[in-house]
Amino acid sequence: MNILILGGGGREHALAWAIRQNPKCDRLIVAPGNAGIANVAECADLDILSRADVLEFAQENAIDFVVIGPEAPLAAGVSDALRDAGFLVFGPSQAAAQLEASKAFTKEICDACGAPTAAWARFTDAASARDYVTAQGGPIVVKADGLAAGKGVTVAETVAQAHEAIDAIFDGEFGEMSVVIEEFMAGEEASFFILCDGTDCLPIGTAQDHKRVGDGDTGPNTGGMGAYSPAPILTEALQDQVMARIVRPTVAEMAARGMPFQGVLYAGLMIDNGRARLVEYNVRFGDPECQVLMMRLGGQVLDLLLACAEGRLADMSVNWADDHALTVVMASKGYPGSYRKGTPISGLEGLSETSFAMTFHAGTATGNGQVIATGGRVLACTGRGATLAEAHQRAYAQVDAIDWPEGFCRRDIGWRAL
Ligand code: AMP
Ligand code: GLY
């Protein structure tokens, strides 16, 4: 098979690394890819948000299967364009991708299917949103309603902070948007990943990530500084509860509305007293959660993604090893604020690349014959082992072998579970 993966981050490196291991994969192209992906696949320069460009590229290269990594091409309807032209695609339609693109849409779906989530209200002007927050009191959560790259959420301790967040949204900080105000949910967060083919669902793993930039979960929020899988808090009983009360009802509701969900549903959950509620859905793999999932699933992931795209999930199961994976993100100093680009990284050549230890690249390129950092999150050092401690040791051994003076990482990934 000729396979095209869209994206160029750590998530796509992990997907490419796993898919490549499957003998069904003949030719693998990743667009745009990065310096690490270039070791396992061909990289192609392509505007992945352009339906026309992606379609033309897929036709010219006789692609048999397209895997869409990030949310932006999904929200732009790239999957629809490809499917309409007869391509096999992993990733939801533009309509179904609203589960991530619109907070209000997801809340309406939850209400319609009875899925437990925080109480909420939506406003299109600042004054009514402010009045509502004043009446409710803090802590309370303010969300810009639209894709804001994870930056549109404020967990406000006080009414004053919530008012500030509302004003920022209506000042157009995130473009023209409405606001969703939510009840604050206490508890522990975990992520649950479920393949859905429009009708059937297959859980493919749990993870917990570290969103704050600093050790001890301090400092500003990021896209994720590390993750581990499985998430011990998501017991089998809780997974069953989430499938029965949240995931299956959502998938049925989406199908009933004529927008069947096909792809991976990434359920962000809040767990409190043995009860799970939905925080949010994403319609793609998490980054860096994908790195730990791929490390554990390996080459079978291609069969699973194909079954998902072909509507055959009912016949599939996952072969689980009793293992653990952990990934540590190395980022450019200054991230999530401003940082220098183009700083050189060495020590990568000496790292072994096995099914127990892989350094996935998130934001790298080759410059002057050397690997350079091109983004905020740059590498994801990933280990797998029989225990989480073993996975942790293998991940940090990679970190310690890498020589990148302009980079940093958290030293405490996995602390909660270790
Ligand atoms: P979201 O983009 O909706 O996932 O929100 C980002 C983060 O904000 C989540 O991962 C939670 O840590 C936090 N958060 C969002 N909504 C709530 C809520 N209703 N209660 C408590 N924390 C929340
Ligand atoms: N790690 C969080 C995300 O991918 O959204």
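With the structure loaded, tell me whether residue 268 is within 16 Å of ligand 2 (Cβ to nearest atom), modelled with pLDDT of 95 or more, surrounded by fewer than 24 Cβ atoms within 10 Å (Cβ to Cβ) and of a type outside the set (A, V, I, L, M) or whether it fails that test. Working first, answer last.
Numbers: within 16 Å of ligand 2 (Cβ to nearest atom): yes; modelled with pLDDT of 95 or more: yes; surrounded by fewer than 24 Cβ atoms within 10 Å (Cβ to Cβ): yes; of a type outside the set (A, V, I, L, M): yes.
So residue 268 fits the description; yes.
Checking residue 53 against (1) over 21 Å from residue 360 (Cβ atoms); (2) assigned to a loop (DSSP other than H, G, I, E, B); (3) of a type in the set (D, E, K, R), only one condition comes out false. Which one?
It fails just one condition, (2).
If you take the residues in the stretch 81-104 that are surrounded by fewer than 19 Cβ atoms within 10 Å (Cβ to Cβ) and modelled with pLDDT of 95 or more, which one is nearest to residue 308 (Cα to Cα)?
88
Just to be sure before I move on: is residue 158 without any contact (Cβ under 8 Å) to a residue 24 or more places away in the chain and more than 16 Å from ligand 2 (Cβ to nearest atom) in the structure I sent? Walk me through how you get there before you give the answer.
On the way: without any contact (Cβ under 8 Å) to a residue 24 or more places away in the chain: yes; more than 16 Å from ligand 2 (Cβ to nearest atom): yes.
Here the answer is yes, as residue 158 does meet what is asked.
Of the conditions (1) in contact with a Leu (Cβ under 7 Å, 6 or more places away or on another chain); (2) surrounded by 24 or more Cβ atoms within 10 Å (Cβ to Cβ), residue 74 fails just one. Which one is it?
Condition (1) is where residue 74 drops out.
Those residues that are surrounded by fewer than 19 Cβ atoms within 10 Å (Cβ to Cβ) and among the charged types (D, E, K, R), I need them from the stretch 21-70; list them, please.
24, 26, 27, 42, 45, 47, 53, 56, 60, 64
Residues of the stretch 274-298 being away from ligand 2 (no atom under 16 Å from the Cβ) and in contact (Cβ under 8 Å) with a residue 40 or more places away in the chain, which ones?
From the stretch 274-298, those away from ligand 2 (no atom under 16 Å from the Cβ) are 274-277, 296-298; that's our starting set.
Hits for the stretch 274-298 are 275, 276, 277, 296, 297, 298.
Only residues that are farther than 23 Å from residue 418 by Cβ and in contact with a helix residue (DSSP H, G or I) (Cβ under 9 Å, 6 or more places away or on another chain): list them for the stretch 226-244, please.
none
Filtering the stretch 192-217 down to residues that are farther than 22 Å from residue 270 by Cβ and of a type in the set (A, V, I, L, M), which residue is nearest to ligand 1 (Cβ to nearest atom)?
Among those residues, the one meeting the criterion is 195.
Tally time: how many residues in the stretch 1-49 are more than 20 Å from the chain's Cα centre (by Cα) and part of a strand (DSSP E or B)? Let's see the steps before the verdict.
Our first condition is that a residue be more than 20 Å from the chain's Cα centre (by Cα); within the stretch 1-49, this holds for 1-3, 20-29, 35, 38-47.
Of the ones still in play, those that are also part of a strand (DSSP E or B) are 2-3, 27-29, 42-43.
Count: 7.
Could you list all residues from the stretch 218-256 that are within 14 Å of ligand 1 (Cβ to nearest atom) and within 18 Å of residue 284 (Cβ to Cβ)?
Correct list: 222, 223, 224, 227.
I'd like to check which helices (runs of 4 or more DSSP H) are fully inside the stretch 71-128 and have at least 1 residues that are touching a Lys or Arg at 6+ places or on another chain (Cβ under 6 Å) and within 22 Å of residue 60 (Cβ to Cβ). Break it down into steps so the answer makes sense when it comes.
Details: elements: 71-75, 78-84, 98-101, 103-113.
Of the helices (runs of 4 or more DSSP H) lying wholly inside the stretch 71-128, those with at least 1 residues that are touching a Lys or Arg at 6+ places or on another chain (Cβ under 6 Å) and within 22 Å of residue 60 (Cβ to Cβ) span 78-84.
The values are calculated or read from the model by the stated rules, or taken from the named source; none is laboratory data. The model shown is predicted, which means the values in this text are computed figures rather than measured ones. So basically every Cβ, Gly included, is an ideal-geometry build from the backbone, and we count neighbours across all protein chains shown.
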